[in-house]
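Working notes, beginning with the structure itself.
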Protein chains: 2
Amino acid sequence: MALIVQKYGGSSVSDAEAIKRVAQRIVAQKKAGYDVVVVVSAMGDTTDELIDLAEQVSPLPPARELDMLLTAGERMSMALVAMAIENLGFEARSFTGSQAGVITTSLHGNAKIIDVTPGRIKEAVDEGAICIVAGFQGVSQDTKDITTLGRGGSDTTAVALAAALEADACEIYSDVDGVFTADPRIVPSAQRIPQISYEEMLEMAACGTKILHLRCVEYARQYNMPLHVRSSFSQKQGTWVVPEVEESEGMEQPIISGVSHDRSEAKITVVGVPDKIGEAATIFRALAEAEINIDMIVQNVSAVSTSRTDISFTVPKDFGKEAVAALKKVQEKVGFESLRYDDKIGKVSLIGAGMRSYPGVTARFFDAIAGSGTNVEMISTSEIRISVIVEEDQVDEAVRAAHSEFRLDADQVEAVVYGGTGR
Amino acid sequence: MALIVQKYGGSSVSDAEAIKRVAQRIVAQKKAGYDVVVVVSAMGDTTDELIDLAEQVSPLPPARELDMLLTAGERMSMALVAMAIENLGFEARSFTGSQAGVITTSLHGNAKIIDVTPGRIKEAVDEGAICIVAGFQGVSQDTKDITTLGRGGSDTTAVALAAALEADACEIYSDVDGVFTADPRIVPSAQRIPQISYEEMLEMAACGTKILHLRCVEYARQYNMPLHVRSSFSQKQGTWVVPEVEESEGMEQPIISGVSHDRSEAKITVVGVPDKIGEAATIFRALAEAEINIDMIVQNVSAVSTSRTDISFTVPKDFGKEAVAALKKVQEKVGFESLRYDDKIGKVSLIGAGMRSYPGVTARFFDAIAGSGTNVEMISTSEIRISVIVEEDQVDEAVRAAHSEFRLDADQVEAVVYGGTGR
């Protein structure tokens with residue numbers, strides 16, 4: 001029998017009514033002839049409320065105990081979902097991450113899944129039960145302590161469990177209809193993407209599209225698990241994230257899948273770095289030792305007159321202060337002149353597997369950005385992505401300009417489809 | 001090093017402030033040179049709130065899932081207590097019932113402890129950590145599912161863990177100062193009992209004294225574990241429940257330890273039962289099959305003229321309807337005449353190991369009850385207890401009269417102590 005893993009986020013199980021609605025959706029899937037395993041997040045604001053309680057008790061709660069506390073959240077939601085399903089006359093059993101065999105590293109608050117051994121889940125599924133599994137949590141291989149997986153943890157649980165159970169698909173439910181060509185709050189004419197490749201989805205996730213976490217998509221790609229991102233509040237199809245996007249009959253895939261943006265980064269410029277071998281390595285080693293992730297890096301050729309160059313890069317805003325402090329420690333050693341810090345920036349990215357074979361994409365993108373009156377401060381590219389750093393205030397305009405240039409707006413796409421040009 | 005197990009009830013960990021106060025008390029014990037293992041209940045009203053949530057989702061929540069849900073309550077309180085201790089600079093680790101090795105039967109909602117295998121707790125204690133264990137919960141030996149222990153479960157967890165760890169004592173903290181000679185709301189001059197035997201405590205618990213549950217006292221007696229019942233809101237000594245009450249120098253123990261009362265029962269009279277062998281057995285088998293616990297039973301000799309007798313007994317009010325229904329089913333078979341049901345009754349019990357050797361106690365008790373204008377409807381006795389059923393409205397007066405007759409009031413006891421009469 002085909003097996004579907006479904007994952008419901010906090011907004012889909014926010015209260016008793018929402019839980020009953022989710023139960024009906026799960027039962028409908030079961031009635032349609034599928035085995036169903038469900039992964040749930042904590043209800044609505046439960047996690048925030050628990051963190052608040054922890055902070056009332058201790059200004060710096062120990063990570064092991066914070067994990068113990070937070071995992072109570074999914075424990076509640078999973079039991080309630082199971083009850084609601086039983087009330088509809090179907091057998092349901094809930095399992096903690098530990099019971100479901102989610103084995104992790106012991107890094108509390110940000111553990112990584114090492115293995116999934118879902119023996120109890122398989123057994124329960126074989127007995128005809130619908131299984132409800134707590135997302136976001138596992139048990140440490142070394143210490144047997146309860147761990148949490150950090151951001152995107154519930155989605156990752158779902159995909160990892162789907163892979164271990166060799167499920168036919170993994171459905172990720174939230175309160176949005178799927179992945180859009182741009183954030184609809186910025187581009188009202190943005191539209192749902194019916195299919196997208198893992199590669200493109202990874203680029204979008206890395207560039208600020210919040211709907212799926214990078215880890216979850218990486219896991220899905222590794223196991224070739226098809227993801228269906230959709231809304232628990234409607235019956236509409238969402239976005240399928242798959243190995244290869246199928247070409248519809250008589251039509252090529254669009255060149256560009258979407259435009260992402262991200263306001264969470266800050267830009268640091270190290271000014272006047274002596275042009276000697278190993279200076280850049282010293283700079284980035286200092287940041288690595290402070291456990292700061294770097295995103296874009298730009299270095300120009302040195303000015304001939306000074307034999308010095310500037311190195312710019314972006315870091316998450318939350319780590320801006322630490323990054324500057326870490327760099328100041330190596331200023332004397334490296335001999336750079338000064339640091340510039342700017343957190344009023346944003347990143348705009350154009351993503352599409354099709355751009356590989358269309359050389360004009362870059363030029364059109366920059367034309368569009370320029371046409372919106374936006375100044376580009378940094379550029380970085382991959383095979384299937386172009387990203388620019390712009391002033392924070394200009395992000396919206398740049399996104400809209402790029403979106404329109406590549407004919408992603410709803411009315412434009414209609415034209416593409418019926419016009420059959422493929423561009 | 002001496003090991004103390006402490007148990008804190010829901011009112012002692014009702015919010016962040018209460019939790020911090022409890023943490024200080026735990027740390028004080030540790031500083032005084034003890035190893036400490038702590039058992040906690042869920043915070044304040046958490047359990048009720050979770051039950052309410054369950055009922056919103058399902059009118060009859062399945063027991064397995066209700067246990068999964070409710071055990072989230074202690075998970076939160078134990079993690080928070082551990083955090084508060086760590087914040088005071090001491091190492092603390094929290095453990096679920098399952099992690100602490102509390103192995104139970106699989107009867108969800110009312111599981112019995114089969115064994116306690118506290119390997120992880122011992123290890124953590126040996127490493128110098130204070131252990132915080134979730135009360136009220138365990139893991140089923142057969143199904144590996146999470147179970148709850150039902151009423152008095154957290155106290156029972158504490159005593160069972162203390163026994164398995166060979167602790168020196170088990171302290172039960174709540175919001176009252178100990179066990180009193182009567183309910184202070186009825187007898188304002190009632191006073192704290194400094195020491196009481198397991199036997200007497202069992203009788204008091206069975207007769208309506210709510211402070212300790214029968215199961216917990218039975219467990220303590222079985223393992224000879226000294227219990228110290230005390231308040232988490234003061235530093236005062238509470239009541240020690242011990243194998244033998246020590247006699248203070250130059251003074252005998254008082255004959256009577258206290259007066260208990262209970263308004264939770266109803267009285268059923270089966271009228272006109274034919275005086276034939278096996279009729280009573282048929283009646284009580286019918287009740288046993290309906291899983292109804294019977295407390296007092298009274299049967300008089302048959303009236304010679306009719307060869308019929310009346311059998312009266314008490315059952316918990318909550319089961320009154322079921323009891324009557326079960327009896328009606330066997331009315332024809334037994335041939336009794338009618339049923340009388342009365343739930344406006346109360347039980348008043350006089351408890352004291354000393355009464356074994358003082359034959360006058362019964363007479364004095366009945367004199368006192370009669371003197372308060374109270375009519376006695378049923379009587380039952382044990383070696384160390386006399387109980388009477390009276391009208392519900394007369395319970396308070398009867399309790400006060402008995403309490404006073406046996407000189408348990410605070411000022412009277414002073415007289416006994418200094419007068420040295422031992423009465």
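The values are calculated or read from the model by the stated rules, or taken from the named source; none is laboratory data. Just so it is clear, the structure is predicted and the values come from calculations on it, not from any experiment. Note that each Cβ is placed from the backbone with ideal geometry, even for glycine, and that neighbours are counted across all protein chains shown. Heads up: the accessible areas ignore ligands, DNA and RNA and are worked out on the full protein's heavy atoms, side chains in. Shrake-Rupley method; radii C 1.70, N 1.55, O 1.52, S 1.80 Å.
Quick one: which of A:K122/A:K210; A:K7/A:K236; A:K321/A:K344; A:K144/B:K7 span more than 21 angstrom between C-alpha atoms?
A:K122/A:K210; A:K144/B:K7, as the Cα separations exceed 21 Å there.
Measuring from label point to label point, each 7 Å out along Cα→Cβ, what is the A:N375 to B:L107 span in nm?
7.8 nm
How compact is the range A:3-175 by the rule of thumb for globular proteins, expressed as Cα Rg over 2.2 N^0.38 Å?
Compared with the compact-globule rule of thumb, the range A:3-175 sits at 0.98.
So what does the Cα-only Debye profile of the protein assembly as shown read at q = 0.05, 0.10, 0.11 Å⁻¹, as log10 I(q)/I(0), no solvent term?
Per q value, in the given order, log10 I(q)/I(0) is -0.41, -1.12, -1.26.
Leaving out ligands and nucleic acids, and using a 1.4 Å probe, what accessible area per residue does the protein assembly as shown come to in Å²?
That works out to 43 Å² per residue.
Label position 7 Å from Cα toward Cβ: report the copy-to-copy distances for B:Q24 in nm, one decimal, ordered from shortest.
5.2
Could you calculate the FRET efficiency of A:Q141 with B:S189 from 1/(1 + (r/R0)^6), where r is the beta carbon distance between them and R0 is 51 Å, rounded to 0.05?
0.25
Return the chain A residue and its Cβ-to-axis distance, rounded to the nearest Å, for the rotation relating A to B.
A:A72, 2
Which parts of the range A:256-276 would a label at A:L339 reach, counting a residue when its backbone N lies under 20 Å from a point 7 Å out along Cα-to-Cβ?
A:264-275
Mind listing the label-point distances from B:T117 to the same position on all other copies, shortest first, one decimal in nm, points 7 Å along Cα→Cβ?
The answer, with the shortest distance listed first, is 1.6 nm.
Order A:150-162, A:69-81 from most to least packed using the mean count of other Cβ atoms within 10 Å.
Packing proxy ranking, top to bottom: A:69-81, A:150-162.
Using only helices, what value at 222 nm comes out for chain B when you add -39,500 (n - 2.57) per DSSP H run of length 4 or more and divide by the total residues, to the nearest 500 deg cm²/dmol?
The helix contribution divided over chain B gives -11000 deg cm²/dmol.
Skipping prolines and chain starts, which residues have an amide H placed within reach, meaning under 5 Å, of the one on A:M43, given they are 5 or more residues away or on another chain?
A:S77
Relative contact order of the range B:3-175, please, whole-number percent, based on alpha carbon pairs below 8 angstrom and at least 6 residues apart.
So the answer I get is 30 percent.
If each Cα of the range B:25-100 is one equal point scatterer, what is log10 of I(q)/I(0) from the Debye formula at q = 0.13 Å⁻¹?
-0.49
At A:T117 and B:F366, where each label point lies 7 Å from the Cα along Cα→Cβ, what is the point-to-point distance in nanometres?
Roughly 6.9 nm, to one decimal.
For chain B, what are the DSSP H helices with axial Cα length of 30 Å or more and mean Kyte-Doolittle hydropathy of at least -1.0?
Qualifying helices, which must be both long enough and hydrophobic enough, are B:63-87.
Take peptides A:259-268, A:180-189, B:328-337 and line them up by average Cβ neighbours within 10 Å, highest first, as a rough protection proxy.
Result, highest mean first: A:259-268, A:180-189, B:328-337.
Arrange the peptides B:315-323, A:27-35, B:124-132, A:296-304 so that the one whose residues have, on average, the most other Cβ atoms within 10 Å appears first.
B:124-132, B:315-323, A:27-35, A:296-304
What's the buried accessible area, both sides, between B and A using a 1.4 Å probe, rounded to 100 Å²?
About 3200 Å² of accessible surface is lost on pairing.
Counting only protein heavy atoms and using a 1.4 Å probe, what share of the accessible area of chain A belongs to carbon plus sulfur, as a whole percent?
In chain A, the share of accessible area belonging to carbon and sulfur is 48 percent.
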